[in-house]
Number of protein chains: 2
Amino acid sequence: MAKDFSTREENYSKWYNDIVQRAELAENSAVRGCMVIKPYGYAIWENMQSALDKMFKDTGHSNAYFPLFIPKSFFSKEADHVEGFAKECAIVTHYRLKNDPDGKGVIVDEDAKLEEELIIRPTSETIIWDTYRNWVQSYRDLPILVNQWANVVRWEMRTRMFLRTAEFLWQEGHTAHATKEEALQETYQMLDVYADFAENFMAIPVLKGIKSENERFAGALETFCIEALMQDGKALQAGTSHFLGQNFAKAFDVKFASKEGKLEYVWATSWGVSTRLVGALIMAHSDDHGLVLPPKLAPIQAVIVPIYKNKEQYDLVCSKARDIKANLEKQGIIVKFDDRDTHKPGWKFNEYEFKGVPVRIAIGPRDVENGTVEIARRDTLTKEVVGVDQVSETVSSLLVDIQQTLFQRALAFRKENTRTADSWEEFKALLDDKGGFIMAHWDGTAETEQKIKEETKATIRCIPLDDVKEAGKCIFTGKPSERRVVFARAY
Amino acid sequence: MAKDFSTREENYSKWYNDIVQRAELAENSAVRGCMVIKPYGYAIWENMQSALDKMFKDTGHSNAYFPLFIPKSFFSKEADHVEGFAKECAIVTHYRLKNDPDGKGVIVDEDAKLEEELIIRPTSETIIWDTYRNWVQSYRDLPILVNQWANVVRWEMRTRMFLRTAEFLWQEGHTAHATKEEALQETYQMLDVYADFAENFMAIPVLKGIKSENERFAGALETFCIEALMQDGKALQAGTSHFLGQNFAKAFDVKFASKEGKLEYVWATSWGVSTRLVGALIMAHSDDHGLVLPPKLAPIQAVIVPIYKNKEQYDLVCSKARDIKANLEKQGIIVKFDDRDTHKPGWKFNEYEFKGVPVRIAIGPRDVENGTVEIARRDTLTKEVVGVDQVSETVSSLLVDIQQTLFQRALAFRKENTRTADSWEEFKALLDDKGGFIMAHWDGTAETEQKIKEETKATIRCIPLDDVKEAGKCIFTGKPSERRVVFARAY
């Protein structure tokens, strides 16, 4: 472990930032609240995009692209939406600079003021539903199953790399349906897609649930979410799928002629995940030695480090290493062979360990003699010596095993850190001492949730979809409750 | 041909717009100068992205992401750059809206004015070189080979879908090198990548050349380009690769310690292509029957249309069609089977012809009886009847042939429309009567080029890289010239 690197115990928040920076995932930019996503961090996002994009297309969606700018007036059309989004946003007011008459660079040209200000999209429901109006006349034009990969901007005051940034990258699905049932089915389907992705690619177990009114998307009738638990006991919302009802269709006058010839408003959903998932990935699996990545999303799945003292050894070792690389690549494994002579093997071991490369293969002259290599796995930090002809097989099965192990470990962690609380005192004590998910009764009102939040900073993460009804009393008000909900402090 | 659709002869500009709209590639949005890229148009862009991204990665580049916003002061750091870009741009001045006290929606909150305005990136050299300063200390940190897929905004006054829009999608490569030679080599390499892509994927022959000073990228020492010829005889710049020298390194103070321990400024390149290429693709190949797409970029390579009169025939035909689809997909061909019962076969034929699907397969009950299908190719509009067991083979080879045919056709068109002019009168007559590329002598001065542009709207598209030196006299000034350059009116 690098000396200038924090452990989770010492300072969880600094540990996170250290990983982001030292693993070269991202860095703060010259623009307040905006980050630069560096190549290694961006490669993780590309792998996420590629897996998700395939899942979206397999469920019948196509990609499209809508403008970055949204006319200000569009936000006023859906009352909840403007409350939730239009307030903290980047506003374009002018379209030209001119030379400063004082000769000091450029200044805004006041003659080039826009008649109507443009908002940088914080989310695209308004501009998209304004567009859908022209796409839909009859039931034959439905459903519209569209997704957009884009950048969005929300003027956050307190930002953290990946987790909360003023600009972030995401995908936003926006679908239009003829019936409420079909729209609801789509909402559930995309929630399942997200949960599948989180568990099977990110190796992060998630709870599927419904948001309480306080946490609902501005403009939605119902927000569904997947919630993950981080190693510091805080929750992280990893994806949301919204049932928008006919709110946006009404705001933008999107109607269709039904099979029966009646004019009806269109039903809507929207759903999204963002570069925040990279933050979740880091916090879910990494350890005090740096980043740990699940093989399915790792930009490099296996790295080969040659060990040698002279040119002759270098040639011998590298020739063998290149054979191994070629064999691994035949199996579809993403391999890096690091034969740089500017860095020592020990430095490279640390580097790839810190960057979370799942499997490391070291090969030196003695290995060549013995027909072996040393294989180390990042998740358990264990090593084994295997015969050269078993490398491909070993690495292939290790990658599967590491993916599984990370998921099981995260699942065990979540189980350990999911507790029930039956009284207000117990609730507060658990929150402060242990964190994690707390299953507790709640009277179902927004006021109570708000008061609990003010006193403890904990919010209702979700009302789980697979919950069992259980009579009880609200931990805060003592009023009757029909089910436990999931509380936590959250990112 | 659809009756409400213009031919090239009647109105080239309307023909283009009709194709964009009726083939559902894009449409104008509610935001001035910004378009909505519809799923079918976006799928073409995705295919372009995927091919280019692979070529970039094969030449050692990685993707990254830099902020959408650029602090205004950054533009003033490189004198030519600010002249070229900072003038017509979208400017963010505020970061909050508030409720209108009059109760009419939302207004800009004047208390939330930014200290320094932010420019929506028109191109990212400035923010990226500001970032590179921290990435580079020694020669060991070089080269940096980074590409970004992003949206950019240039406040164009006259816009046309795909060809010139206020917001557009593009990729911008930004590389940093230790030596001038290496940077120049990169500039040439990426020009070759673009030419390869244009010719082998887009099926558009391009001229590789150097831009004259007037047409050079603002901040570059030298701009290289690929130039294509459209069917109306106008040129279209399809990609540029810039040798930036040390301009941005000096503006942003990016130095490195060389192997010899000397502090030196870093050498730079940048290169980009945009969604404008979709416009080029449309104009290069399409005909009076609609869009024509090269198979390598077509979202649907082959469509199967079933022909039937009743349920029995439907079942018979569709069962066969599904077999054919599965066989084609085994060959890696992207197939759509359109079994919708809401539209007649004739309607579907027109639809896919208009959308430029390279190959159409029709199958009816008599075909099933005879063990045949009818295969039509979009480029030549010819049809043939082939045995069911030859479908895969026929379609595979047709796709290769169509790709070739489109390229050869475009190449022949360019040859026919590349002419020499040896006098000013001849030059003007050729421009007005024929258009196309005109090879003519030029005295090498910016003034002359500017005057020619003012009188004829023609510009120097490039000084071809493969030109032969030839003594002559400038068509405008009569001064001596060493080579012919390529003039044209351009998009």
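Just so you know, all these numbers are worked out from the coordinates, no wet-lab data involved. None of these values were measured; they are calculated from a predicted model. Here Cβ is always computed from backbone atoms with ideal geometry, including for glycine, and neighbour counts include all displayed protein chains.
Before moving on, here are some points about what is shown:
- The Rg/Rh ratio for the range B:12-285 is 1.00, where Rg is the radius of gyration of the alpha carbons and Rh is the Kirkwood radius.
- Counted as membrane-span-like here are DSSP H helices of chain B whose alpha-carbon atoms extend 24 Å or more along the helix's own axis and whose Kyte-Doolittle mean is 0.0 or above; these are B:391-416.
- Convex hull volume per residue, computed on the Cα atoms of the range B:411-491, equals 94 Å³.
- Beta bridges assigned by DSSP with both partners in the protein assembly as shown are antiparallel in approximately 85 percent of cases.
- Cβ charges +1 (Lys, Arg) and -1 (Asp, Glu), total dipole of the protein assembly as shown, debye: 260
- When the charge dipole of the range A:300-398 is built from unit charges on Cβ atoms (+1 for Lys and Arg, -1 for Asp and Glu) and taken about the Cα centre, the candidate among A:I324, A:Y352, A:Q301 whose Cα reaches farthest toward its positive end is A:Y352.
- Amide H contacts for B:R461 (H built 1.01 Å from N in the peptide plane; partners 5 or more residues away or on another chain; cut-off under 5 Å): B:V486, B:F487, B:A488.
- Ranked for footprinting exposure by Cβ neighbours inside 10 Å, fewest first, A:L118, B:L229 give A:L118, B:L229.
- Other copies of A:S258: label-to-label distances in nm, shortest first, labels 7 Å along the beta-carbon direction: 7.8
- Convex hull volume per residue in cubic angstrom - Cα atoms of the range A:300-398: 85
- With K and R counted +1 and D and E -1, the other residues having a Cβ less than 12 Å from that of B:E426 yield a net charge of -1.
- If both residues of a DSSP beta bridge must be in the range A:333-491, then about 85% of such bridges are antiparallel.
- The charge dipole of the range B:96-215, taken about the Cα centre with unit charges on the Cβ atoms of Lys, Arg (+1) and Asp, Glu (-1), comes to about 280 debye, rounded to the nearest 20.
- Rounded to the nearest Hz, the phi-derived 3J(HN,Hα) couplings of the range A:378-383 under the Karplus curve 6.51 cos²θ - 1.76 cosθ + 1.60 (θ = phi - 60°) are 6, 5, 9, 6, 9, 10, where x marks glycine and proline.
- Charge dipole of the protein assembly as shown about the Cα centre (unit charges at C-beta), most positive-ward option of B:A362, B:Q408, A:T159: B:A362
- Take A:N370, push a point 7 Å out from Cα through the beta-carbon direction, and compare it with the same point in every other copy: 7.2 nm, smallest first.
- Counting every other Cβ atom within 10 Å of each residue's Cβ, B:W129, B:W170, B:W347 order from fewest to most as B:W347, B:W170, B:W129.
- Proximal aspartates and glutamates to B:K250, defined as alpha-carbon separation beneath 14 angstrom and excluding residues fewer than eight positions away on the same chain: B:E78, B:D80, B:E125, B:D130, B:E264
- Dipole magnitude for chain A: computed about the Cα centre from +1 point charges on Lys and Arg Cβ and -1 point charges on Asp and Glu Cβ, it is near 380 debye.
- Fewest neighbouring Cβ atoms within 10 Å first, the residues A:T382, B:T275, A:T7 line up as A:T382, A:T7, B:T275.
- Percent of beta bridges antiparallel (DSSP, the range A:418-488, rounded to nearest 5): 75
- Percent of C-alpha pairs per 10 Å bin in chain A, short distances first: 4, 17, 24, 23, 17, 10, 4, 1, 0.
- Hull volume per residue, based on the alpha-carbon atoms of the protein assembly as shown and their convex hull, is 209 Å³.
- Across the identical copies, the 7 Å label point of A:E393, projected outward along Cα→Cβ, sits 4.0 nm from its counterparts, in ascending order.
- Couplings 3J(HN,Hα) of the range A:211-222, computed from phi: 7, 6, 3, 4, 9, 6, 4, 5, x, 8, 7, 8 Hz, in residue order, whole Hz [Karplus 6.51 cos²θ - 1.76 cosθ + 1.60, θ = phi - 60°; x for Gly and Pro].
- 222 nm mean residue ellipticity, helices alone, for chain B (DSSP H n ≥ 4; -39,500 (n - 2.57); rounded to 500): -10500 deg cm²/dmol
- Charge context of A:P299, other residues only, Cβ under 13 angstrom, K/R +1, D/E -1: +3
- Restricting attention to the range B:418-488, lysine pairs at least eight places apart or on different chains and with alpha-carbon atoms under 20 angstrom apart total 12.
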